[in-house]
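What follows is a short report on a single structure.
What follows is calculated from the coordinates using simple rules that are stated; it is not laboratory data. No experiment lies behind these values; they were computed from the predicted model shown. FYI the Cβ positions are ideal-geometry reconstructions off the backbone, even for glycines, and counts take in every protein chain you see.
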Amino acid sequence: MKKRVVIKVGSMAVTDETGGVSLTKIQNLVKELESLKKLGYAPILVSSGAINSGRSFVKKPEEKKMMISFQQAAAAIGQPLLMKAYVDALQSHNSHCAQILVTHEDFKERKRFLNIRNTINRLLENDILPIVNENDTVSYEEITVGDNDQLAVMITEATDAEKLILLTEADGLFNKNPKDPDAKRFDIIDFKDDFSGVKFAAKTSIGRGGMDTKLKAVRKLTPIGVDVIIGTFLIDSPLTRLLEHKGGSLFKGNPERQTSRRKSWLSTVVKNEAWVVVDEGCYLAILKGNTSLLPIGIKKVHGTFKRGDVIQIKHKNKSIAVGISEFDYREMDLIKGKKSTEISSLMASPPSKVAIHKDNLLLKADH
Ligand code: GLU
């Protein structure tokens, strides 16, 4: 079987600074993707750039609250323009691509998840390049993936790819601002923990990600055995160069690949900005394993989430486990610190006595 590799390109890798699709950037990218196929890779592309491709066609709103619909309208215009550029560029290589637009919800629901997986499998079997982006038109706060780095993580897991390459402006991860002459690039980072000691430089102006979201991708994928490579697109043949380790930062995946589909799904579909903080007693109980998370041990609720979302369990700022929440964030806030027997007096028909059931809870590997 060909080696599956997910490649995520940020907006600036495929569009112009002033807005609009960059045909040259896309032609170069496509040329390299074609050469990767000849080297035995099956690339899957996660491409940003819809908003930036379409933004010049929509009046920029003065009110901040209109910003989301502005971006959604821009994406609705920009996405077909972006795809047209990919279709045209691939045509000169006698190749084809397919568009896959998804939201966070699609990965959460098992049936939809399987449909994404099966579609991509069929496309790859037919040598078609899948091009994935978030379905910005229907995304809103609670169902949005958030950024395409996170989307790339979920696609990597869903397709059993062995590597994820995140192309960005900076050539990997540096110990300080890369513009600083003393800055040192992390070259190869062996799998050890959640890289919580690693610091990184700032966000770029276009696109939603930054180094922060890239490190989150590293923290989710390396534990399940996937290599994550971060490197610059501002150089010739960036993908070949990164695959040959001639630059960028390579975060090695756990040598023991996670074989439980459910566990790898739990660790990658988890929402970045949703968690509960637990007290010492609860932390120790979870560490021992085989226990559900009870509302009484919860001290704080952070972010917005729905029943059925995968959230993090934190203790003293460290994420210790992930699991499927039985409550939404408002309900969770209401029942936090309460005994299970008190819940029915706080809520009309509580869906559960536990906050996260032990069958749906996954302890992080470094605990
Ligand atoms: N879906 C957005 C777009 O195509 C990009 C989101 C991101 O860069 O993270 O413009």
Restricting things to alpha carbons, find the Rg to Rh ratio for the chain using the Kirkwood radius for Rh. 0.98
Under a cut-off of 26 Å between alpha-carbon atoms, report the lysines in cross-link reach of LYS38, not counting same-chain residues fewer than 8 places apart. LYS2, LYS3, LYS8, LYS25, LYS84, LYS163, LYS246, LYS252
Efficiency by 1/(1 + (r/R0)^6): what FRET value for ASP212 and MET67, r their Cβ-Cβ distance, R0 = 30 Å, to the nearest 0.05? 0.90
Would you mind ranking LEU215, LEU82, LEU101 so that the residue whose beta carbon has the fewest other beta carbons within 10 Å leads the list? LEU101, LEU215, LEU82
Arrange ASP236, ASP180 by Cβ neighbour counts within 10 Å, fewest through most, would you? ASP236, ASP180
Taking a ≥ b ≥ c as the square roots of the eigenvalues of the Cα gyration tensor, with a/c under 1.5 meaning rounded and otherwise prolate when a/b exceeds b/c and oblate if not, the stretch 1-130 is oblate
By how many nm would the segment from ASN121 to LEU287 lengthen if fully extended, with 0.36 nm per residue of separation less the alpha-carbon distance? 56.0 nm
FRET efficiency (GLU162, HIS93; Cβ distance; R0 22 Å; to 0.05) is 0.35
For the chain, size of Cβ-based charge dipole, Lys and Arg +1, Asp and Glu -1, in debye: 660
If you rank SER349, SER95, SER264 by fewest surrounding Cβ atoms within 10 Å, what's the result? SER349, SER95, SER264
Using a Förster distance of 41 Å, the FRET efficiency for LEU346-LYS84 (Cβ separation, nearest 0.05): 0.15
At GLU17 and GLU169, where each label point lies 7 Å from the Cα along Cα→Cβ, what is the point-to-point distance in nanometres? 0.9
Shape call for the stretch 201-316, from the Cα gyration tensor axes a ≥ b ≥ c (a/c under 1.5 means rounded, otherwise prolate when a/b beats b/c, else oblate), comes out prolate
